[in-house]
1. Would you mind checking the tilt of helix 94-104 against the longest principal axis of the Cα atoms of the chain, expressed as 0 to 90 degrees and rounded to 10?
2. Springs between alpha-carbon atoms under 10 Å, Gaussian network over the chain: tell me which of D94, D82, D102 tops the mean-square fluctuations.
3. Rounding to the nearest 10 and keeping the result within 0 to 90°, find how far the Cα-based axis of helix 116-126 lies from the longest principal axis of the chain.
4. If you take every residue apart from S198 with its C-beta less than 9 Å away from the C-beta of S198, what net charge results, scoring Lys and Arg +1 and Asp and Glu -1?
5. For each of H81, H44, count neighbouring Cβ atoms within 10 Å of the residue's Cβ, then give the residues from fewest to most.
6. Cα axis of helix 73-88 to longest principal axis of the chain: angle in degrees, 0 to 90, nearest 10?
7. How do D115, D154, D15 rank when sorted from fewest to most other Cβ atoms within 10 Å of their own Cβ?
8. Of the candidates T83, T113, T216, which one comes out as most mobile in a Gaussian network treatment of the chain with C-alpha springs shorter than 10 Å?
Amino acid sequence: MPEPPDGADPLVLFDLDDTLAPFQTLAHWQWAWKPQGPLLSERHAKAAIRKSVRAWDRRRWQGLVGAEPPVGAADFRLHLHDTLLAVAGRPLGDYEVASVVDRFLRPSPHSETFDDVPGIGHWLKDHGVAFGVLTPFPEPVARAFLARTGLPPDVPLLADPGMPEAPRLPAAAAFRAARTSLASKTARVVYVGDLYWSDVRAAARAGMEAVLLDRTNAFEGLGGTRIRSLTELPKLLEAAPPSAPPETGAPPADA
């Protein structure tokens, strides 16, 4: 794999869920809701999950640009609530929904992983490239999922501290606070996430070099730097940083 360019002093920040650790997956919803069966309809459940994730991406972006209030922990639980109802295709009782959401926020015993994560972790460490994980998850939840990734145990984790005054992702202040805590202001900072608007566009608005990890080809045709696997990341670190995308714009209703 290529060496990072001299003098670039890169820092790589990764999103956690569905970038480093599988999260919104059919298997995870199956375990959280129906671990003893029956099996969920694969076609229906995957379509419902994908639609819900894209709606969450739009909602986070709208909160970022002022079209809606900024998202918080309660909004994220509501998102998971709505996803479960979409997967179920029918109403569920409040107690059942709350129990399933609580279970969903824990890693399943089936240990779903992404094959490209351990390799990029080893490459970054072997080549002296600083990296960390940035997530809006509470720290106990984040650490449980991070432990499944195969990354070195000492990788810095910047999770939601749970303090009302602390900036929360995808706010620019949260990205900048992560950058300040891990690197100097002159460092090249590359952020890798799986959502187009509220991950990579939000990171770009905070002055970072944003890379979309689009494993499922969900965002084909949108602008910016896009990769299908983390095995492509070393070549991006070797190359000169691309021009930043414009800060304006919004996702279409069906983005």
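Please treat every number below as a calculation from the coordinates, not as lab data. All of these numbers come straight from a predicted model, not from anything done at the bench. Here Cβ is always computed from backbone atoms with ideal geometry, including for glycine, and neighbour counts include all displayed protein chains.
1. For 94-104 against the chain, the angle is about 40 degrees.
2. Residue with maximal mean-square fluctuation among D94, D82, D102: D94.
3. On a 0 to 90 degree scale, this one is about 30.
4. Result for the local shell: +2.
5. H44, H81
6. 50
7. Lowest to highest Cβ neighbour count: D154, D115, D15.
8. So, out of T83, T113, T216, the one fluctuating most is T216.
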